[in-house]
1. Add +1 for every Lys or Arg and -1 for every Asp or Glu among the other residues with Cβ under 9 Å from the Cβ of A38, and state the total.
2. Which order do the peptides 32-40, 89-97 take when ranked by the mean count of other beta-carbon atoms within 10 Å per residue, highest first?
3. Taking only protein heavy atoms and a 1.4 Å probe, what accessible area per residue, in Å², does segment 34-131 have with all protein chains in place?
4. Step through the table entries K40/K172; K32/K110; K93/K124; K27/K93, compare each Cα-Cα distance with 22 Å, and write down the pairs that go over it.
5. For segment 28-71, what % of the accessible area comes from carbon and sulfur atoms, probe 1.4 Å?
6. What's the local net charge at K27, with K and R +1, D and E -1, over the other residues with C-beta under 10 Å away?
Amino acid sequence: MRPSIAMIVALMLSGSGFAAQQLVPTKTLLVKNPPSGARKVLYKVRETASAATVVGDPTVGGATLALVLTPGGGQCVTMPASGWSPIGSIGFKYKDTTLANGPVKVAMVKKTPSGTFLVKALLKTGGPTSIVITPGNPTTSYATNFSIGTGDEYCGGSSTASPNPNNTTTFKISNDGPPASCTTGCDVSTTTLTTATTSTTTTSSTTTTDSVAAPSTSTTTTVTTTFTGTITTTSTSLP
(Lines give C-alpha, C1' and ligand atoms only; values in the text may rest on other atoms or scores of the structure.)
Protein backbone atom coordinates (compact mmCIF):
# COMPACT_ATOMS: atom_id res chain seq x y z
CA MET A 1 0.00 0.00 0.00
CA ARG A 2 1.37 3.42 -0.96
CA PRO A 3 1.73 5.70 2.14
CA SER A 4 -0.27 8.92 2.26
CA ILE A 5 1.28 12.37 2.73
CA ALA A 6 -0.15 12.51 6.27
CA MET A 7 1.47 9.17 7.13
CA ILE A 8 4.84 10.35 5.81
CA VAL A 9 4.64 13.62 7.77
CA ALA A 10 3.66 11.78 10.95
CA LEU A 11 6.64 9.43 10.63
CA MET A 12 9.03 12.30 9.98
CA LEU A 13 7.77 14.36 12.90
CA SER A 14 7.02 11.70 15.47
CA GLY A 15 10.47 11.50 17.03
CA SER A 16 9.16 9.14 19.72
CA GLY A 17 6.46 6.55 20.13
CA PHE A 18 5.42 7.94 23.50
CA ALA A 19 3.44 11.11 24.23
CA ALA A 20 5.16 13.67 26.43
CA GLN A 21 4.58 17.10 27.93
CA GLN A 22 6.70 19.88 26.44
CA LEU A 23 6.93 23.21 28.27
CA VAL A 24 6.92 26.15 25.84
CA PRO A 25 7.09 29.96 26.18
CA THR A 26 4.05 32.08 25.38
CA LYS A 27 4.58 34.69 22.68
CA THR A 28 1.02 36.06 22.99
CA LEU A 29 -2.17 35.23 24.85
CA LEU A 30 -4.91 37.74 24.14
CA VAL A 31 -8.42 37.36 25.56
CA LYS A 32 -10.95 40.04 24.59
CA ASN A 33 -14.48 40.59 25.86
CA PRO A 34 -15.67 43.87 24.31
CA PRO A 35 -19.06 45.46 25.02
CA SER A 36 -20.23 44.31 21.59
CA GLY A 37 -19.97 40.69 22.74
CA ALA A 38 -17.61 39.70 19.92
CA ARG A 39 -15.21 37.73 22.10
CA LYS A 40 -11.82 36.69 20.76
CA VAL A 41 -8.84 34.63 21.90
CA LEU A 42 -5.42 34.60 20.22
CA TYR A 43 -2.75 32.18 21.42
CA LYS A 44 0.79 32.09 20.01
CA VAL A 45 3.99 30.24 20.78
CA ARG A 46 7.22 31.23 19.06
CA GLU A 47 10.59 29.93 20.19
CA THR A 48 13.80 30.18 18.19
CA ALA A 49 16.47 27.49 18.50
CA SER A 50 13.79 25.46 20.21
CA ALA A 51 14.18 22.00 21.69
CA ALA A 52 10.45 21.41 21.18
CA THR A 53 9.41 19.04 18.40
CA VAL A 54 6.13 18.24 16.65
CA VAL A 55 5.01 14.83 17.89
CA GLY A 56 1.71 13.39 16.66
CA ASP A 57 -0.60 13.69 13.69
CA PRO A 58 -3.73 15.85 14.09
CA THR A 59 -4.98 14.75 10.65
CA VAL A 60 -5.64 11.41 12.34
CA GLY A 61 -6.46 12.26 15.97
CA GLY A 62 -7.34 15.97 15.86
CA ALA A 63 -6.14 18.36 18.53
CA THR A 64 -7.42 20.22 21.60
CA LEU A 65 -6.61 23.44 23.42
CA ALA A 66 -7.29 24.01 27.10
CA LEU A 67 -7.27 27.62 28.30
CA VAL A 68 -7.42 28.68 31.96
CA LEU A 69 -7.55 32.20 33.41
CA THR A 70 -7.57 32.64 37.19
CA PRO A 71 -9.91 34.36 37.66
CA GLY A 72 -11.66 34.33 34.30
CA GLY A 73 -12.65 30.71 33.87
CA GLY A 74 -11.53 27.85 31.71
CA GLN A 75 -12.47 26.36 28.36
CA CYS A 76 -11.59 23.33 26.29
CA VAL A 77 -11.87 23.62 22.50
CA THR A 78 -11.54 20.79 19.99
CA MET A 79 -10.14 20.81 16.47
CA PRO A 80 -11.24 17.62 14.70
CA ALA A 81 -9.00 15.72 12.30
CA SER A 82 -11.10 16.72 9.28
CA GLY A 83 -9.91 20.34 9.57
CA TRP A 84 -6.18 19.58 9.63
CA SER A 85 -3.74 19.26 6.74
CA PRO A 86 0.06 18.91 6.51
CA ILE A 87 2.41 21.85 5.99
CA GLY A 88 4.94 20.04 3.84
CA SER A 89 7.05 17.96 6.20
CA ILE A 90 7.37 20.52 9.03
CA GLY A 91 3.94 20.57 10.69
CA PHE A 92 0.19 20.97 10.32
CA LYS A 93 -2.47 23.67 9.87
CA TYR A 94 -6.15 23.81 10.79
CA LYS A 95 -8.98 25.77 9.18
CA ASP A 96 -12.69 26.12 10.02
CA THR A 97 -13.89 29.39 8.50
CA THR A 98 -17.56 28.78 9.40
CA LEU A 99 -16.75 27.78 13.01
CA ALA A 100 -18.89 24.67 12.51
CA ASN A 101 -16.70 22.54 14.79
CA GLY A 102 -16.13 25.11 17.53
CA PRO A 103 -14.72 28.60 18.04
CA VAL A 104 -11.27 27.85 16.56
CA LYS A 105 -11.06 29.50 13.14
CA VAL A 106 -7.43 28.74 12.33
CA ALA A 107 -4.59 26.94 14.09
CA MET A 108 -1.09 25.75 13.34
CA VAL A 109 1.79 23.78 14.82
CA LYS A 110 5.16 23.48 13.09
CA LYS A 111 8.92 23.59 13.47
CA THR A 112 10.85 25.38 10.75
CA PRO A 113 14.10 24.05 9.26
CA SER A 114 15.93 26.86 11.10
CA GLY A 115 14.68 25.48 14.44
CA THR A 116 11.85 27.89 15.28
CA PHE A 117 8.89 26.18 16.96
CA LEU A 118 5.46 27.76 16.44
CA VAL A 119 1.92 27.18 17.69
CA LYS A 120 -1.03 29.41 16.87
CA ALA A 121 -4.76 29.28 17.57
CA LEU A 122 -7.36 31.97 16.82
CA LEU A 123 -10.79 31.69 18.47
CA LYS A 124 -13.72 33.85 17.41
CA THR A 125 -17.42 34.15 18.10
CA GLY A 126 -20.08 33.50 15.47
CA GLY A 127 -20.50 29.74 15.52
CA PRO A 128 -22.66 27.39 17.61
CA THR A 129 -19.99 27.12 20.34
CA SER A 130 -19.46 30.26 22.42
CA ILE A 131 -16.21 31.55 23.90
CA VAL A 132 -16.83 31.42 27.65
CA ILE A 133 -13.41 32.43 28.96
CA THR A 134 -13.19 36.14 29.87
CA PRO A 135 -10.67 38.56 31.43
CA GLY A 136 -10.77 38.39 35.24
CA ASN A 137 -10.26 42.10 35.98
CA PRO A 138 -7.59 41.40 37.00
CA THR A 139 -6.45 37.89 36.05
CA THR A 140 -3.60 36.78 38.31
CA SER A 141 -2.45 33.70 36.38
CA TYR A 142 -3.05 31.75 33.16
CA ALA A 143 -2.32 28.32 31.74
CA THR A 144 -2.60 26.64 28.33
CA ASN A 145 -2.37 23.08 27.04
CA PHE A 146 -2.28 22.41 23.29
CA SER A 147 -2.52 18.64 22.69
CA ILE A 148 -2.11 16.75 19.41
CA GLY A 149 -4.49 13.77 19.53
CA THR A 150 -2.48 10.89 20.98
CA GLY A 151 0.74 12.88 20.47
CA ASP A 152 2.45 15.39 22.74
CA GLU A 153 1.08 18.19 24.93
CA TYR A 154 2.53 21.69 24.62
CA CYS A 155 2.07 23.64 27.83
CA GLY A 156 2.30 27.36 28.51
CA GLY A 157 1.52 29.39 31.60
CA SER A 158 2.43 32.16 33.98
CA SER A 159 6.18 32.70 34.31
CA THR A 160 7.88 36.12 34.55
CA ALA A 161 5.85 38.47 32.32
CA SER A 162 3.10 40.75 33.61
CA PRO A 163 -0.18 41.11 31.71
CA ASN A 164 -1.01 44.46 30.11
CA PRO A 165 -3.84 45.33 29.71
CA ASN A 166 -5.50 43.32 32.44
CA ASN A 167 -9.01 44.67 32.93
CA THR A 168 -12.67 43.88 32.27
CA THR A 169 -12.42 43.80 28.49
CA THR A 170 -8.84 42.71 27.75
CA PHE A 171 -6.22 40.32 29.12
CA LYS A 172 -2.93 40.25 27.26
CA ILE A 173 0.35 38.57 28.06
CA SER A 174 3.41 38.96 25.80
CA ASN A 175 6.81 37.30 25.62
CA ASP A 176 6.45 35.12 28.69
CA GLY A 177 8.79 32.26 29.54
CA PRO A 178 7.83 28.60 29.86
CA PRO A 179 5.86 27.56 32.96
CA ALA A 180 7.21 25.43 35.78
CA SER A 181 4.71 22.64 35.08
CA CYS A 182 2.00 21.51 32.69
CA THR A 183 -1.68 22.22 33.31
CA THR A 184 -4.23 19.46 32.76
CA GLY A 185 -5.34 19.13 29.15
CA CYS A 186 -8.77 18.44 27.72
CA ASP A 187 -10.31 15.12 28.71
CA VAL A 188 -11.77 13.47 25.60
CA SER A 189 -13.35 10.05 26.06
CA THR A 190 -15.05 7.88 23.47
CA THR A 191 -17.68 5.22 23.99
CA THR A 192 -18.94 2.87 21.27
CA LEU A 193 -22.43 1.43 21.49
CA THR A 194 -23.59 -1.57 19.48
CA THR A 195 -27.17 -2.82 19.32
CA ALA A 196 -28.54 -5.90 17.62
CA THR A 197 -31.91 -7.23 16.46
CA THR A 198 -33.06 -10.79 15.95
CA SER A 199 -34.97 -11.83 12.85
CA THR A 200 -36.70 -15.17 12.45
CA THR A 201 -37.44 -16.80 9.10
CA THR A 202 -39.86 -19.72 8.83
CA THR A 203 -40.17 -21.95 5.77
CA SER A 204 -42.77 -24.63 5.15
CA SER A 205 -42.92 -27.49 2.67
CA THR A 206 -45.32 -30.37 2.03
CA THR A 207 -44.33 -33.80 0.73
CA THR A 208 -47.07 -35.84 -0.90
CA THR A 209 -47.09 -39.64 -1.34
CA ASP A 210 -49.85 -41.83 -2.76
CA SER A 211 -51.84 -41.60 0.46
CA VAL A 212 -49.98 -39.47 3.06
CA ALA A 213 -49.27 -35.71 3.16
CA ALA A 214 -46.52 -34.82 5.66
CA PRO A 215 -45.91 -31.12 6.39
CA SER A 216 -42.49 -30.03 7.60
CA THR A 217 -41.37 -26.71 9.08
CA SER A 218 -37.86 -25.33 9.64
CA THR A 219 -37.00 -22.14 11.59
CA THR A 220 -33.81 -20.13 11.10
CA THR A 221 -32.80 -17.42 13.58
CA THR A 222 -30.35 -14.77 12.43
CA VAL A 223 -28.74 -12.15 14.70
CA THR A 224 -27.59 -9.06 12.85
CA THR A 225 -25.98 -5.82 13.97
CA THR A 226 -28.17 -2.95 12.88
CA PHE A 227 -26.45 0.07 14.43
CA THR A 228 -23.00 1.00 15.55
CA GLY A 229 -22.60 4.50 16.92
CA THR A 230 -19.83 6.48 18.52
CA ILE A 231 -20.56 9.00 21.23
CA THR A 232 -17.76 11.44 22.05
CA THR A 233 -17.90 13.58 25.15
CA THR A 234 -15.48 16.38 25.86
CA SER A 235 -14.84 18.05 29.19
CA THR A 236 -12.16 20.22 30.72
CA SER A 237 -10.36 19.31 33.92
CA LEU A 238 -9.29 22.48 35.63
CA PRO A 239 -6.82 22.86 38.45
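1. Numbers: positive: K32, R39, K40, K124; negative: none.
Counting the neighbours of A38, the net charge comes to +4.
2. My ranking of the peptides, most packed first, is 89-97, 32-40.
3. Details: 4030 Å² over 98 residues.
That works out to 41 Å² for each residue.
4. Values: K40/K172 12 Å; K32/K110 26 Å; K93/K124 17 Å; K27/K93 18 Å.
Violating the 22 Å limit, Cα to Cα: K32/K110.
5. Numbers: 950 of 1750 Å².
So the carbon and sulfur contribution to the accessible surface is 54 percent.
6. Numbers: positive: K44, R46, K120; negative: E47, D176.
Overall, the nearby charge balance is +1.
The values are calculated or read from the model by the stated rules, or taken from the named source; none is laboratory data. Quantities reported herein were computed from a predicted structural model and do not represent experimental measurements. When we count neighbours, we look across all protein chains shown, and the Cβ atoms used for this are built from the backbone with ideal geometry, even at glycine. When the accessible area is computed, the model is the full protein with side chains, heavy atoms only, and any ligands, DNA or RNA have been set aside. Shrake-Rupley method; radii C 1.70, N 1.55, O 1.52, S 1.80 Å.
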